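Enquirer: To start, I am sharing the structure in question, which I have written as structure tokens.
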Amino acid sequence: KHYLTLGVTVAPSFRIRNLMRDPLSAIGQNEMSYNVLNHLIEGFKGTDKKSTQYAQMLFGGGLMRFGTSIEGDRAEHVRRPIDAGVEEQTILDNPRKVKAALGKVWDAWQEFGDRMENVNRSAVYQQAIARGATPLEAAYAARDMLDFSMQGSWVAVRFLTQIVPFLNARAQGLYKLGRAAKNDPKRLAYVSGAVALASIAL
């Protein structure tokens with residue numbers, strides 16, 4: 001399951017589709033403006049690691065690493081550059097250094113994917129703050145856009161989501177969609193209708 005999920009989510013085609021699909025999904029399921037382009041611009045700025053907002057979202061749990069929250073084996077991810085050394089590592093004269101260099105390319109691609117995953121969360125966060133929410137409430141709203149860390153409590157469900165690729169993502173997506181339909185059916189209808197009309201036109 002791990003390698004299949006990783007193989008799918010690391011593909012450029014998946015990430016491009018995700019970046020196109022998520023903004024539409026976000027406005028249909030969250031309290032935010034209908035300006036998709038503005039969300040992408042806002043979100044891209046807000047996911048800059050040097051920004052205060054990024055730090056607040058990270059601290060409040062509002063960010064996701066592709067498919068999971070930023071936790072678990074993150075320590076291993078941080079340890080890798082330390083193990084690689086400094087300066088001399090730029091000379092690829094042994095297998096360890098080659099591996100370290102390839103690791104940097106991989107990390108850069110993963111960081112790019114993570115940023116794309118969090119662009120819409122960042123827009124949700126910013127607009128929640130603008131409505132008067134606290135940073136913690138805004139971080140919760142960003143995380144709740146689609147919370148991959150939720151697993152359910154029934155043992156059978158937890159077992160299935162651990163072995164079936166994307167099952168948990170689908171379950172959480174349907175759960176969020178159901179709540180959005182209940183909480184704000186008009187908003188969801190507007191967005192669904194617009195997407196349907198665009199599809200028909202295409």
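The values are calculated or read from the model by the stated rules, or taken from the named source; none is laboratory data. Source: prediction; values computed, not measured. Quick reminder, even Gly has a Cβ in these numbers, built from the backbone with ideal geometry, and neighbours come from all protein chains shown. SASA here: full protein model, heavy atoms, side chains in, ligands and nucleic acids out. Shrake-Rupley method; radii C 1.70, N 1.55, O 1.52, S 1.80 Å.
Enquirer: Given the residues M20, M57, which is the only one that is modelled with pLDDT of 80 or more, open to solvent by 100 Å² or more (accessible area, probe 1.4 Å), part of a helix (DSSP H, G or I) and not charged (D, E, K, R)? Even if it seems obvious, please write down each step before you answer.
Expert: Details: M57 fails: open to solvent by 100 Å² or more (accessible area, probe 1.4 Å).
The unique qualifying residue is M20.
Enquirer: Now a separate question. Among what's in segment 160-187 and is in contact (Cβ under 8 Å) with a residue 12 or more places away in the chain and over 28 Å from T5 (Cβ atoms), pick the residue that is least open to solvent (accessible area, probe 1.4 Å).
Expert: Checked segment 160-187; the qualifying residue least open to solvent (accessible area, probe 1.4 Å) is R187.
Enquirer: Looking at (1) open to solvent by 50 Å² or more (accessible area, probe 1.4 Å); (2) touching a helix residue (DSSP H, G or I) at 6+ places or on another chain (Cβ under 7 Å); (3) part of a helix (DSSP H, G or I); (4) hydroxyl-bearing (S, T, Y), which is the only condition S13 fails?
Expert: Going through (1) open to solvent by 50 Å² or more (accessible area, probe 1.4 Å); (2) touching a helix residue (DSSP H, G or I) at 6+ places or on another chain (Cβ under 7 Å); (3) part of a helix (DSSP H, G or I); (4) hydroxyl-bearing (S, T, Y) one by one, S13 breaks only (2).
Enquirer: Could I ask something else about it? Would you be able to tell me the number of residues in segment 23-46 that are surrounded by fewer than 19 Cβ atoms within 10 Å (Cβ to Cβ), assigned to a helix (DSSP H, G or I) and of a type in the set (S, T, N, Q)?
Expert: Number of matching residues: 1.
Enquirer: Now a separate question. What is the residue count in segment 188-202 for residues that are without any contact (Cβ under 8 Å) to a residue 60 or more places away in the chain and among the β-branched types (V, I, T)?
Expert: 1
Enquirer: Out of A108, A123, which single residue is exposed (fewer than 12 other Cβ atoms within 10 Å of the Cβ), modelled with pLDDT of 60 or more and under 20 Å from S51 (Cβ atoms)? Break it down stepwise before answering.
Expert: Numbers: A123 fails: exposed (fewer than 12 other Cβ atoms within 10 Å of the Cβ).
From the options A108, A123, the qualifying one is A108.
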